[in-house]
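Chemist: Quick one: the structure is below, questions incoming.
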Amino acid sequence: MLVTATGFSQTKDYRVVFDLTSRDSVNQQAIIREIGLIKGANPDAKLEVVIYGQGLDMAVKGRSGQQGAVEKLIADDKASFKVCAMTMKRNNIDKDQLVPGVEVVPDGIYEIISKQREGWGYIKVAH
Amino acid sequence: MLVTATGFSQTKDYRVVFDLTSRDSVNQQAIIREIGLIKGANPDAKLEVVIYGQGLDMAVKGRSGQQGAVEKLIADDKASFKVCAMTMKRNNIDKDQLVPGVEVVPDGIYEIISKQREGWGYIKVAH
Amino acid sequence: MLVTATGFSQTKDYRVVFDLTSRDSVNQQAIIREIGLIKGANPDAKLEVVIYGQGLDMAVKGRSGQQGAVEKLIADDKASFKVCAMTMKRNNIDKDQLVPGVEVVPDGIYEIISKQREGWGYIKVAH
């Protein structure tokens, strides 16, 4: 087993950027669940969810089926959520319509490939 | 903001290989739109779309809902489109049935992982 | 052409981790077919399929539409299949319910990003 339940696991290099372009509730629930499990076993993991394209509503107040969960993960410093400004513009969403704590990046795809280049793992959220 | 509208942005290392295995028009429209946006802000970006599996029709004349857009992106040197020869063979598609400008690679997956190894970013097109 | 049909191709660095979170039979058939094609042309390729989330049933006896194919790929040493222990636990699946030869990893996402960090290519199986 590569992972132990205690201290040792915290020394792992656990950095992941998740690519979310789905409005499918199964995908949106999966990423919330996965973040909880990862951080439970690896408190020092760095996790970032980049939202663009069809995924936008997950980041928008009153449209996100996971709004409470997203807010709590951000408030508890378990993950960051970043939404693409170009996707927001195309859908006429302003920054003040976002779920509290969600950040804006100018270009979601560039955010993802920048993280990849820095050595973060990459997971596409889809099923 | 990481991106400016002018010269500075062109110095970024913006290289992406897109993995397209979808016949879903939402995905096929998304990749066309994303390439336009990326190249608008980053004229020196290198973008490649690798098509295999269920994505094949996007590369086939008379079957691609994005045929005009694909042709124009290639003609304007904004992106390259490469289709997997093994997928073509399995579907009895010859090279002369491809949208003009689309290239053939012997193995779509190997093309993708080769680009990854060269430091290109990777984006799976799905939603 | 980057690939030849004979010896030369075997010297390529062909290592891929496939990320399968789909119960869709098109995706599950695709990964079986792709492994066969890759190994046919590149006998030394290292291929690993990491199964988690909605993909679980592909690894479970009596639930996998690809059970015979998975067993044969493993027995012939063509690919390894690894399933996430957290996904198994959540679905009340024990190790003895897995398709023979399927291995268990404590955390499917960590398995994937570890392979990425070791220089393996990454392919999300989706369409």
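The values are calculated or read from the model by the stated rules, or taken from the named source; none is laboratory data. Predicted model, so just to flag it, every value in this text is computed and none were measured. Neighbour counts run over all protein chains shown; Cβ positions are idealised from the backbone, glycine included.
Chemist: When A:Gln54 is evaluated against the numbered criteria (1) more than 13 Å from the chain's Cα centre (by Cα); (2) touching a residue at least 40 places away in the same chain (Cβ under 8 Å), which criterion, by number, is the only one it fails?
Modeler: Condition not satisfied by A:Gln54: (2).
Chemist: Can you pull out every residue in region C:50-84 that is in contact with a Ser or Thr (Cβ under 7 Å, 6 or more places away or on another chain) and either within 14 Å of another protein chain (Cβ to nearest Cβ) or at pLDDT below 95 (or both)?
Modeler: C:Tyr52, C:Gly53, C:Gln54, C:Gly55, C:Leu56, C:Asp57, C:Met58, C:Gly65
Chemist: Is one or more of the residues making up region B:37-51 over 16 Å from B:Tyr14 (Cα atoms) and either surrounded by 18 or more Cβ atoms within 10 Å (Cβ to Cβ) or in contact (Cβ under 8 Å) with a residue 12 or more places away in the chain (or both)?
Modeler: Of all residues in region B:37-51, those over 16 Å from B:Tyr14 (Cα atoms) come to B:50-51.
Cutting the leftovers down to either surrounded by 18 or more Cβ atoms within 10 Å (Cβ to Cβ) or in contact (Cβ under 8 Å) with a residue 12 or more places away in the chain (or both) gives us B:50-51.
The answer is yes; a qualifying residue exists.
Chemist: With the requirement that a residue be over 18 Å from A:Arg15 (Cα atoms), crowded, with 16+ Cβ neighbours inside 10 Å and of a type outside the set (A, V, I, L, M), what does region A:71-97 give you?
Modeler: Within region A:71-97, A:Glu71, A:Cys84, A:Thr87 qualify.
Chemist: Residues being surrounded by 17 or more Cβ atoms within 10 Å (Cβ to Cβ), over 20 Å from C:Glu111 (Cα atoms) and more than 14 Å from chain A (Cβ to nearest Cβ): count how many of those fall in region C:11-31.
Modeler: 1
Chemist: Restricting to region B:54-97, name every residue that is farther than 17 Å from B:Ile32 by Cα and either touching a strand residue (DSSP E or B) at 6+ places or on another chain (Cβ under 8 Å) or in a loop (DSSP other than H, G, I, E, B) (or both).
Modeler: Within region B:54-97, B:Gly62, B:Cys84, B:Ala85, B:Thr87, B:Met88, B:Asn91, B:Asn92, B:Ile93, B:Asp94, B:Lys95, B:Gln97 meet the criteria.
Chemist: Does region A:36-46 contain at least one residue that is within 11 Å of the chain's Cα centre (by Cα), modelled with pLDDT of 95 or more and within 8 Å of chain C (Cβ to nearest Cβ)?
Modeler: Of the residues in region A:36-46, the ones within 11 Å of the chain's Cα centre (by Cα) are A:46.
Then keep just the ones that are modelled with pLDDT of 95 or more; that gives A:46.
Now narrow it down to the ones that are within 8 Å of chain C (Cβ to nearest Cβ): none.
Scanning region A:36-46, I find no residue that is within 11 Å of the chain's Cα centre (by Cα), modelled with pLDDT of 95 or more and within 8 Å of chain C (Cβ to nearest Cβ), so the answer is no.
Chemist: Also: Of all residues in region B:98-124 being out of contact with any helix residue (DSSP H, G or I) (no Cβ under 6 Å at 6 or more places or on another chain), outside any helix (DSSP H, G or I) and more than 14 Å from chain A (Cβ to nearest Cβ), which is surrounded by the fewest Cβ atoms within 10 Å (Cβ to Cβ)?
Modeler: Result: B:Glu103.
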